[in-house]
Amino acid sequence: PIRIMASAATSARALSRFPAAVRARHLSSACPLVYSPAAQELKRLPEFAAAVEYFAAGQYEKALAPAYRALDVCKSMHVPAMHLLGLEALASTHGVLGKVHDELSAREDQVTIAAGGRCTEAEALLAQHGLVCAFLRRGDGAAAAAAAKDGLAAAQEIPDCRALFSAHITAACLAGSGVDAEDAAAALTGLEAGAGSERAASLTAAARVLLAEHYLANGDVAGSIEVARAVVAPEDRVAARRASVLGRALQGSGAVDEAEQELSAALKLAKRVGGADSVEAAEALLDLAALFAAKLDAITAEGLFHSALGKLAHGTGAPGPLSRARVHCAGLAAFADLCDKLEMNGKKRTREAETAREKATRLAGAFPEGVAQGTPSMLAL
């Protein structure tokens, strides 16, 4: 028989598996769409079409070569908008692969081109959005906030883009170790004031979920529950995140039965959004596994861990290998912690714990610039 040797209950801080800096990057999945003559011309390039096809199939490494070729063609045209959008394809691919330095270099080139004044407003905002995302992936909250404020100033006449950059400011303020709560609150107020469209309402809800995550990460379980309960999520993706953070916060408060209901709802929504083998579904399974470990139900917890880790080890596609690696590393670490507390037939399972930690170390080593969240914004073109 399998039994847990000691209580698996954890602190509220430990229940929030990832710091706010990682969760902040969820907001960067929103991107201003570009409808411009340059974008339509880019779509007709066979090199770009090949890059998009590989990207959409989750074959990100294969997307790099045609993305570079597309960029060369765009540069040869001496049309700034084409150059900017060609860089978008390349930067997005670098981002999802975790090549943060290469992505940031391309994003900075985009912003420089946009500053020349020969691009449309939408193209310039796309470049600014990408720069914010790159700073968030690098964990530079201050730089992300500054870039987001520049984007907000440029987007005053476009409600959805104004909401996007307000959400970015909230994310950036909550991403760093020194949280500027006043700026975050002001950005949220700006978001809510302009939340007239469906997109703006969704961004507002996502920012509120991020705020609840921040409270939980900093041990304020009651604050996290209060904020999460008040969120009205207009789409399944945001609703899944809301249920996840609320469930983990409820677990931290001791309301285990209600926590299980919320985490089960998060799993159902995650499957609806990304499919049964998605990263989102695996994250939800890991949440449930941690809950059952805390309830001292070792058999159920271990089964959930194995299910989640199996999906992460063999899955492909969006949101990309970097995001999958991030969740996989966290899952392996949590499973190792569980194995430390288990014994089978009177023997400790130390070797299994060590093996899981070794796998996590090797996996993290494949992404030297950090296990973070990728942003496939090239699909917005």
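The values are calculated or read from the model by the stated rules, or taken from the named source; none is laboratory data. If you're wondering where the values come from, they're calculated on a predicted model, not measured in any experiment. Cβ coordinates were reconstructed from backbone atoms using ideal geometry, including for glycine residues, and neighbour counts include every protein chain displayed. The protein model used for the area step is the full one, side chains on, heavy atoms only, and it has no ligands, DNA or RNA in it. Shrake-Rupley method; radii C 1.70, N 1.55, O 1.52, S 1.80 Å.
General observations
- Among the listed pairs LYS62/LYS311; LYS268/LYS295; LYS268/LYS347; LYS43/LYS99; LYS149/LYS268, those whose Cα-Cα separation exceeds 26 Å are LYS268/LYS347; LYS149/LYS268.
- Projecting label points 7 angstrom from Cα along Cα→Cβ for LYS348 and ASP72 puts them 5.8 nm apart.
- Rounded accessible area of TYR54 (nearest 10 Å², 1.4 Å probe): 80 Å²
- Amide H partners (placed H, <5 Å) of GLU343, local residues excluded: ARG3, MET5
- Rounded to the nearest 0.05, the FRET efficiency derived from the C-beta distance between GLU198 and ALA153 at R0 = 22 Å is 0.35.
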